[in-house]
Amino acid sequence: MFGIVQGGIFDDLRAQSAHFTSSLDLPGYAIGGLSVGESKEDMLHSIEVVNAILPATKPRYLMGVGTPYDIIQGVARGIDIFDCVLPTRLARHSTALRLKDRLNLVNASFADDPLPIDENCDCYTCQHFSRAYLRHLILAKEMLAATLLSIHNVYTLIRLTQTIREAILNHTFQSLLEEYTTP
Ligand SMILES: [Zn+2]
């Protein structure tokens, strides 16, 4: 059971909530109420306020986040766990998530494109299907398009977290962080 820290973008309320939930000595702590429309600066600042208080020896879970940029910025501020609808929601809207950009496969430029979504990706979708075929499925309103894009998008975020973990263990996290400059 995790305690969920609330408090919006108000430092005093965040601190009060973080102190109270910490006092309950729970197995882990979640940070709720962020990534709901506030600015990136406000979100990252609130994470810093809360994580300065939560016990460093317990897992910290940032709820509803997020993009590759948000995930790596969260890790830089002490977050251990994420969850988000982003990869599957983007998939239902014909968008392929890549580590540093996105492809909207509806675009006519992909009509005859034989490449996979990401040439460096070894997910099931990228190993078997071209951008052109995925675009065909989308235009035909075939459900398989969202399924295949979801497989790729979720895989991409898992691959990112594996890369982050390796960078932390190899003491190269700071340079990895500096590669992700675009929110
Ligand atoms: Zn892929």
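Let me confirm something: among ILE151, ILE158, which residue is surrounded by 15 or more Cβ atoms within 10 Å (Cβ to Cβ) and of a type in the set (A, V, I, L, M)?
Values: ILE158 fails: surrounded by 15 or more Cβ atoms within 10 Å (Cβ to Cβ).
Answer to the selection: ILE151.
With ASN51, ASN120 as the choices, which residue is of a type outside the set (Gly, Ala, Ser) and open to solvent by 60 Å² or more (accessible area, probe 1.4 Å)? Steps first, answer last, please.
Working: ASN51 fails: open to solvent by 60 Å² or more (accessible area, probe 1.4 Å).
Checking each option against the conditions leaves just ASN120.
Considering only the range 47-61, how many residues are modelled with pLDDT under 95 and among the charged types (D, E, K, R)?
Residues in the range 47-61 being modelled with pLDDT under 95 and among the charged types (D, E, K, R): 0 in total.
With (1) over 24 Å from GLN174 (Cβ atoms); (2) of a type outside the set (S, T, N, Q); (3) open to solvent by 20 Å² or more (accessible area, probe 1.4 Å) as the list, and PHE82 as the residue in question, which single condition is left unmet?
Condition (1) is where PHE82 drops out.
With (1) in contact with a helix residue (DSSP H, G or I) (Cβ under 7 Å, 6 or more places away or on another chain); (2) in a loop (DSSP other than H, G, I, E, B); (3) of a type in the set (Gly, Ala, Ser) as the list, and GLY33 as the residue in question, which single condition is left unmet?
(1)
Name the pairs: first residue in the range 152-165 and within 13 Å of PHE82 (Cβ to Cβ), second residue near the ligand (Cβ under 9 Å from one of its atoms) and at pLDDT 95 or above, Cβ to Cβ under 9 Å, at least 6 apart or on different chains?
VAL154/CYS123
The values are calculated or read from the model by the stated rules, or taken from the named source; none is laboratory data. All values reported here derive from a predicted model rather than from experimental measurement. Every residue, glycine among them, receives a Cβ derived from its backbone with ideal geometry; neighbour counts consider all protein chains shown. Calculation scope for accessible area: heavy atoms of the full protein, side chains included, ligands and nucleic acids excluded. Shrake-Rupley method; radii C 1.70, N 1.55, O 1.52, S 1.80 Å.
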